[in-house]
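Here the structure comes first, spelled out in structure tokens, and everything after it is commentary.
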Amino acid sequence: MISSPDRPPAAAGLFKRIRLSILSDPVIPRTEVERKRYLLRNLVLHFRPATVPVATLRFSLTWGLGGMAAVLVLLQFGTGVLLKFAYEPTPVAAYASIQSLVSGVPFGRLIRNLHHWCAHLLVLVVLLHLLRVFFTGAFHPPRQFNWIIGLALCGLVLIANLSGYLLPWDQLAYWAVTVSTGMLEYVPWFGFALQKLIRGGPDIGPATLRIFYAVHTAVVPILLLSLMGFHFWRVRQARGLVVPRRPGAAPPEPPERVPSLPDLLLREAVVATVLIAAVMLLAIFCNAPLADPANPGLSPNPTKAPWYFAGLQELLLHLHPLFAVFIVPLAAAAALMALPYLTYETDTGGIWFASRTGRKAGIAAAVAALVAAPGLILFDEWLARSGHRFLGLPTVIADGLIPFILFLAVIALFYRVMRRRFSTSRNETVQTIVIFLAVVLTVMTVTGVWFRGAGMKLVWPWS
């Protein structure tokens, strides 16, 4: 009889035959051949390659952000399933079920805290992961389409957070979603129809809660898991992560490789363990907020969108709604999708900030944005208070078209200055523009979260 590793020996005991029928490979693989077989035949680990370039194991290449995002998604699924046992998706019972969960269910408060903080951390980690991919040039061929998949995943994470934000049905959630969905009415042609579709009617009510609950617990998880699997598969199709290299150096061909088990998986396990421990500490010592029950007749002052939409809400204070809610976000989304398909002089994959020149230009762009963004916010605030903001023109022109054209002119001028001052290539110039806009958005988000008080007036956070 021909021996096979999948066929247990006839003389093996009953329990060993049962174990081998479930897992024919050794529980603890010891040789390189056994490790490779373990990866290929394991349900959870088979998407990992048998070997990886040793240079890609550097923590400073990825900072573990992709793995962190996957861990946070799994934590969200686990805690979300547990929360479904206690939550009732009706306006009458939703708030009471949350109160009962945190006060009467063993470990209920901890589970809710974990779910809440993982959701916010997931948004931050996904955005940082997106920036890391861009700044290491990991969007060049053959990874172009995977960048688009990453953008879609980022959008799904935002939808998951917004749909889950309403479920406690307290004042904070109700009015934050009211503000967020209220922005849709400024979208031309189909804005009101889209708003009515999302809300399930003209106002936030029971239909809105049912829709958000279905999206949060069914639609988004299915799409998120499907796209995550596709995303991981595309990474493998592109021969793994980009190999880090110094500016001006060519990637080694072929790169030195090591077994994924234990070299890669051990590092991933350490990052996941540290992340879970940090989230547990955060959930133990910081409770998820729960305001008074939702009251449609009493709007808090100020009424703010969730922090990940605070930059958009801040933009709405300075630009006409048509531009702030529709034109600018649409242009930003189109630009992000076009980034990997632009024509670049060189492939900067694996080089942080493209080159030494790119790093210098990037620092200059960040400093310029840190000066320009607060200055423009203060200037526009002065114009609004002094009554000179509209310039006697229709608001869509004075508050929309003119500022938008001026901003595009600033970007074009900035592009020319970078090209002349630093002699940047197209890779480096595009990167500096992205840094400039990212810092501007960060400043606007910080302003909206901490520096806007009653009536959305500028205040000091401690006042």
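The values are calculated or read from the model by the stated rules, or taken from the named source; none is laboratory data. In this text, all values refer to a predicted model and were calculated from it rather than measured experimentally. Counting neighbours? That spans all protein chains shown, and the Cβs are built from the backbone with ideal geometry, glycine included. Accessible surface areas use protein heavy atoms only, side chains included; no ligands, DNA or RNA. Shrake-Rupley method; radii C 1.70, N 1.55, O 1.52, S 1.80 Å.
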Pop a pseudo-label 7 angstrom from the Cα along the beta-carbon direction at both LEU413 and ALA333 and give the gap in nm to one decimal. 3.1
Percentage relative contact order, the stretch 87-179, counting C-alpha pairs under 8 Å, at least six apart: 30
Which residues qualify? For ARG452, with a placed amide H closer than 5 Å and at least 5 residues away or on another chain, they are VAL459
Using only the heavy atoms of the protein chains and a 1.4 Å probe, how would ARG356, ARG426, ARG257, ARG199 rank by accessible area, largest first? ARG356, ARG257, ARG426, ARG199
Carbon and sulfur atoms account, in whole percent of the 1.4 Å probe accessible area of the chain, for 71
Given the options ALA86, VAL443, ILE351, identify the residue whose Cα lies farthest towards the positive end of the charge dipole of the chain (+1 on Cβ of Lys, Arg; -1 on Cβ of Asp, Glu). ILE351
Rounding to the nearest 10 and keeping the result within 0 to 90°, find how far the Cα-based axis of helix 426-450 lies from the longest principal axis of the chain. 70
So if we plug the beta-carbon distance of SER299 and ALA214 into 1/(1 + (r/R0)^6) with R0 = 35 Å, what FRET efficiency do we get, rounded to 0.05? 0.85
What shape does the stretch 250-387 take by its C-alpha gyration tensor, where a ≥ b ≥ c are the square roots of the eigenvalues and a/c under 1.5 counts as rounded, a/b above b/c as prolate, and the rest as oblate? oblate
Given a 1.4 angstrom probe, what's the average accessible area per residue across the stretch 285-387, in square angstrom? 53
Quick check: net charge around PHE145, other residues with Cβ under 14 Å of its Cβ, Lys/Arg +1 and Asp/Glu -1? +3
Identify all lysines with a Cα-Cα distance to LYS16 below 23 Å; exclude those on the same chain that are fewer than 8 residues away in sequence. LYS36
Please say if the stretch 370-463 is rounded, prolate or oblate, where rounded means a/c under 1.5 for a ≥ b ≥ c the square roots of the C-alpha gyration tensor eigenvalues, and otherwise the choice is prolate for a/b larger than b/c and oblate otherwise? oblate
Exceeding the 30 Å Cα-Cα cut-off - candidates LYS196/LYS304; LYS84/LYS196; LYS304/LYS360: LYS304/LYS360
Beyond 40 Å, how much of the Cα-Cα pair distribution for the chain remains, as a whole percent? 31
Computed for the stretch 239-286: size of charge dipole around the Cα centre, +1 on C-beta of each Lys and Arg, -1 on C-beta of each Asp and Glu, debye to nearest 20, value 140
Where nothing but the Cβ of Lys and Arg (+1) and of Asp and Glu (-1) is charged, how large is the charge dipole of the stretch 272-392 around its Cα centre, in debye to the nearest 20? 220
When only the heavy atoms of the protein chains count and the probe is 1.4 Å, how do ASP347, ASP170 rank by accessible area, highest first? ASP347, ASP170
Scan the stretch 49-113 for chymotrypsin sites (Phe, Trp or Tyr not before Pro) in coil per DSSP, keeping those whose Cβ has at most 12 other Cβ atoms within 10 Å, and list them by number. PHE85, PHE107
Hey, what number do you get for the chain at 222 nm if only DSSP H runs of n ≥ 4 count, each worth -39500 (n - 2.57), divided across all residues, to the nearest 500? -19500 deg cm²/dmol
Computed for the chain: size of charge dipole around the Cα centre, +1 on C-beta of each Lys and Arg, -1 on C-beta of each Asp and Glu, debye to nearest 20, value 1300
0 to 90° range, to nearest 10: angle between helix 108-135 axis and the chain longest Cα axis: 90
Shape call, the stretch 318-390: gyration tensor on alpha carbons, a/c limit 1.5: oblate
1.4 Å probe accessible area per residue over the stretch 51-204, in Å²: 42
According to a simple spin-label model (label point 7 Å from Cα along Cα-to-Cβ), what is the distance in nm between ALA86 and SER103? 1.3
